[in-house]
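Just so it is clear, none of the values below were taken in a lab; they were calculated from the coordinates. Keep in mind the model is a prediction, meaning the values are calculated, not measured. Note that each Cβ is placed from the backbone with ideal geometry, even for glycine, and that neighbours are counted across all protein chains shown.
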Ligand code: TZP
Ligand code: MG
């Protein structure tokens, strides 16, 4: 299997509910891509499947314009209903990664969320292309996160070591103020995050393009320092 190549630097996870009043979601997505978003995951928790599919289709047209890969959160059938270059991101309580890989085939991007060293060891050989590691800091964007779930950068570094080269994307509470601290803090001499994933730091801003470019600059500076 040849895992699809992707640039994990600035990974936007969508949430239309966070887009400010007066801003159109697709315009915000386009601006974020202009600003330097390198990967997009469509995550909409409060819609029926047909609406989710419609949002994803429209989002895909925009991502394709920028030649930026797009993934679907959780919903395998929606991913499969879309073009063969659309990927899937799943959590620990969704279907097993190996099953998802079998159903998706070798060519679609597949991501898994990991929250511990043990889950990281499992992810390594699961067939996933990358792991989302989080929550790094507290966040209002995901329901049900309690203080105990928050990893912090040090614990994330241990998880990234355990991923043993599987690309890791940090997520949770990352923004223009916290991203650099998280990236450096989650690094060790032998392992480092491949990028950051954000919802609110881009989606909740009116100046979406600026928000994305600020994050892109910080990730680029981090990568240049390694
Ligand atoms: N998974 C872990 S934290 C999180 C998800 C989907 C939410 C991240 O949102 P934000 O606004 O970037 O903290
Ligand atoms: Mg899930």
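Data overview
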{"quantity": "Every residue from the range 48-104 that is within 16 Å of ligand 1 (Cβ to nearest atom) and under 19 Å from residue 122 (Cβ atoms)", "calculated": "74, 88, 89, 90, 91, 92, 93, 94"}
{"quantity": "Qualifying residues in the range 195-215 (those that are surrounded by fewer than 18 Cβ atoms within 10 Å (Cβ to Cβ) and in contact with a helix residue (DSSP H, G or I) (Cβ under 7 Å, 6 or more places away or on another chain)) - the one nearest to residue 130 (Cα to Cα)", "calculated": "200"}
{"quantity": "Residue check for residue 79: touching a residue at least 40 places away in the same chain (Cβ under 8 Å), in contact with a strand residue (DSSP E or B) (Cβ under 6 Å, 6 or more places away or on another chain), within 27 Å of residue 174 (Cα to Cα) and assigned to a helix (DSSP H, G or I)", "calculated": "no"}
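Here is a yes/no grid of residues against (1) in contact with a helix residue (DSSP H, G or I) (Cβ under 6 Å, 6 or more places away or on another chain); (2) over 17 Å from residue 112 (Cβ atoms); (3) surrounded by 16 or more Cβ atoms within 10 Å (Cβ to Cβ):
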| position | (1), (2), (3) |
| --- | --- |
| 127 | yes, no, yes |
| 143 | no, yes, no |
| 147 | no, yes, no |
| 177 | no, yes, no |
| 191 | yes, yes, yes |
